[in-house]
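Undergrad: Below you will find the structure I want to go over with you.
The values are calculated or read from the model by the stated rules, or taken from the named source; none is laboratory data. This is a predicted model, so every value here is computed, not measured. All Cβ positions, glycine included, derive from the backbone under ideal geometry; neighbour counts span all protein chains shown.
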Amino acid sequence: MLFIKETPVETIIPMAQAIEAVEESLAETSRGNAVVLPRRRIHHANRMLFGVLPGSFKGAMGAYLQTDRDRAIHHETVILYSVDTGEPLIMFQDCAINELRTGAAGGVGAKYLASPHAARVAVIGSEKHAFTQLQAVCTVRSIETVTVFSPTPAHRLRFADRVRAGLEVEAAAADSAEAALEGADIVITATNAQSPVFEGRSLRPGMHVTSIANGDKTRVREEIDHDTIRQAACVCVTSKATVQANESDLFRAVRDGVLNWDKVSELGDVILGNAPGRTAPNEITLFKLQGLGIMDLAVGSRAYEALKDSGSVQRI
């Protein structure tokens with residue numbers, strides 16, 4: 001078995017390939033050629049969390065494993081096994097697969113739901129997931145300007161500097177979420193917020209929103225408000241089963257009568273043309289992104305193929 005530790009997976013496969021892998025995994029899931037089980041979490045009295053996301057895809061089976069306590073302690077492991085032999089193929093320890101595949105999924109969502117002419121992005125959040133979400137959007141759209149808001153001024157200024165240096169896109173910091181949204185075509189929310197980070201009435205026709213915060217019934221996360229959900233002509237998720245099992249914000253919106261399940265589509269069905277995505281230029285679209293083990297397996301499998309014949313990789 002190959003063992004990779006603390007080596008960012010993006011140094012092995014670039015974002016563009018990660019987007020391809022995640023798109024394929026979601027499409028194959030909708031075709032019935034892959035197996036996905038909803039995320040499961042164990043919450044301990046000391047606030048330590050253990051999460052597992054299992055799946056099976058293209059000859060590999062395995063899981064994403066996570067330990068986390070308020071983001072101050074965070075470790076992730078992705079392990080892949082052969083479906084044919086049952087032998088372990090590769091283990092990734094703290095290799096930022098979660099960041100890469102979540103960003104890639106956001107890129108797939110933007111590819112199918114955002115306006116083809118989208119050029120301006122508002123980012124709410126300033127940490128690692130905010131950057132990979134933006135990186136993926138810049139891969140699928142010709143982005144010209146980025147405006148970022150984070151409650152801490154130093155964080156949003158640092159993020160804007162990173163965008164200019166790393167993505168070579170014009171970037172500026174905003175003093176409020178509403179100011180960041182002005183003129184935006186795509187809105188990315190990548191936070192740990194427990195209450196909405198902008199007001200849905202700030203959205204304009206034609207905008208696309210990607211929201212990545214997903215808690216459960218014991219750990220509430222809620223980046224978007226009910227107005228945002230109501231205005232969306234298309235609400236898309238990676239997995240309805242995961243939304244329902246975790247009782248996250250969209251689950252609560254359905255429970256409270258804000259949203260009907262028949263308005264919610266899975267992104268894999270949109271990719272295959274079995275469900276509508278954006279159908280008009282002035283529609284507001286919403287991608288509520290849930291992490292799936294199938295996405296970790298897809299990215300991990302690409303990395304494994306790139307590394308399996310290398311003599312410089314540790315084997316255990």
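Undergrad: Would you pick out the residues in the stretch 136-158 that are in contact with a helix residue (DSSP H, G or I) (Cβ under 7 Å, 6 or more places away or on another chain) and assigned to a helix (DSSP H, G or I)?
TA: Step one: filter the stretch 136-158 for residues in contact with a helix residue (DSSP H, G or I) (Cβ under 7 Å, 6 or more places away or on another chain), giving 136-137, 139-141, 143, 146-150.
Once the filter is applied, which keeps residues that are in contact with a helix residue (DSSP H, G or I) (Cβ under 7 Å, 6 or more places away or on another chain) and assigned to a helix (DSSP H, G or I), the stretch 136-158 yields 136, 137, 139, 140.
Undergrad: What are the pairs, 6+ residues apart or on separate chains, where a residue within the stretch 162-183 that is outside the structural domain of residue 135 (by TED's automatic domain parsing) and acidic (Asp, Glu) has its Cβ under 8 Å from a residue that is at pLDDT 95 or above and surrounded by fewer than 17 Cβ atoms within 10 Å (Cβ to Cβ)?
TA: From residues that are outside the structural domain of residue 135 (by TED's automatic domain parsing) and acidic (Asp, Glu), there are no pairs.
Undergrad: Tell me which of these residue 263 doesn't satisfy, since it passes every other one: (1) over 22 Å from the mean Cα position of the chain (by Cα); (2) of a type outside the set (Val, Ile, Thr); (3) modelled with pLDDT under 95.
TA: Residue 263 satisfies all of (1) over 22 Å from the mean Cα position of the chain (by Cα); (2) of a type outside the set (Val, Ile, Thr); (3) modelled with pLDDT under 95 except (1).
Undergrad: Suppose we keep only residues that are assigned to a loop (DSSP other than H, G, I, E, B) and charged (D, E, K, R) within the stretch 179-218. Which one would you say is nearest to residue 107 (Cα to Cα)? First the steps, then the outcome.
TA: Within the stretch 179-218, the first condition is being assigned to a loop (DSSP other than H, G, I, E, B), and the residues that meet it are 182-185, 190-199, 203-207, 212-215, 217-218.
Those left that are additionally charged (D, E, K, R): 182, 185, 199, 204, 217.
Working: 182: 22, 185: 14, 199: 23, 204: 21, 217: 27 Å.
It comes out as 185.
Undergrad: If only one of 120, 101 is closer than 29 Å to residue 32 by Cα and among the basic types (Lys, Arg), which one is it? Even if it seems obvious, please write down each step before you answer.
TA: On the way: 120 fails: closer than 29 Å to residue 32 by Cα.
The conditions single out 101.
Undergrad: Which residue is surrounded by the fewest Cβ atoms within 10 Å (Cβ to Cβ), if the candidates are limited to the stretch 207-234 and must be closer than 30 Å to residue 46 by Cα and of a type in the set (Gly, Ala, Ser)?
TA: 215
Undergrad: Take the stretch 1-26 and flag every residue that is in contact with a helix residue (DSSP H, G or I) (Cβ under 8 Å, 6 or more places away or on another chain), farther than 20 Å from residue 142 by Cα and among the aliphatic types (A, V, I, L, M).
TA: 2, 4, 9, 12, 13, 21, 22, 26
Undergrad: With the structure loaded, tell me whether residue 185 is of a type in the set (D, E, K, R), within 20 Å of residue 232 (Cα to Cα) and touching a His at 6+ places or on another chain (Cβ under 9 Å) or whether it fails that test.
TA: So residue 185 fits the description; yes.
Undergrad: If you don't mind, there's one more thing I want to ask. Go through the stretch 219-316 and tell me which helices (runs of 4 or more DSSP H), entirely inside it, have 2 or more residues that are hydroxyl-bearing (Ser, Thr, Tyr).
TA: 293-307
Undergrad: Then there's this: Going by the conditions given, is residue 31 basic (Lys, Arg) and either under 30 Å from residue 194 (Cβ atoms) or surrounded by 18 or more Cβ atoms within 10 Å (Cβ to Cβ) (or both)?
TA: Here the answer is no, as residue 31 does not meet what is asked.
Undergrad: Now, a different point. Starting from residues that are within 18 Å of the chain's Cα centre (by Cα) and of a type in the set (A, V, I, L, M, F, W, C), keep the ones in the stretch 189-206 and report whichever is surrounded by the most Cβ atoms within 10 Å (Cβ to Cβ).
TA: Taking the candidates together, the pick is 190.
Undergrad: What number of residues within the stretch 66-120 satisfy the criterion of being loosely packed, with under 14 Cβ neighbours inside 10 Å, of a type in the set (D, E, K, R) and not assigned by TED's automatic domain parsing to the domain that holds residue 19?
TA: Selection size over the stretch 66-120: 0.
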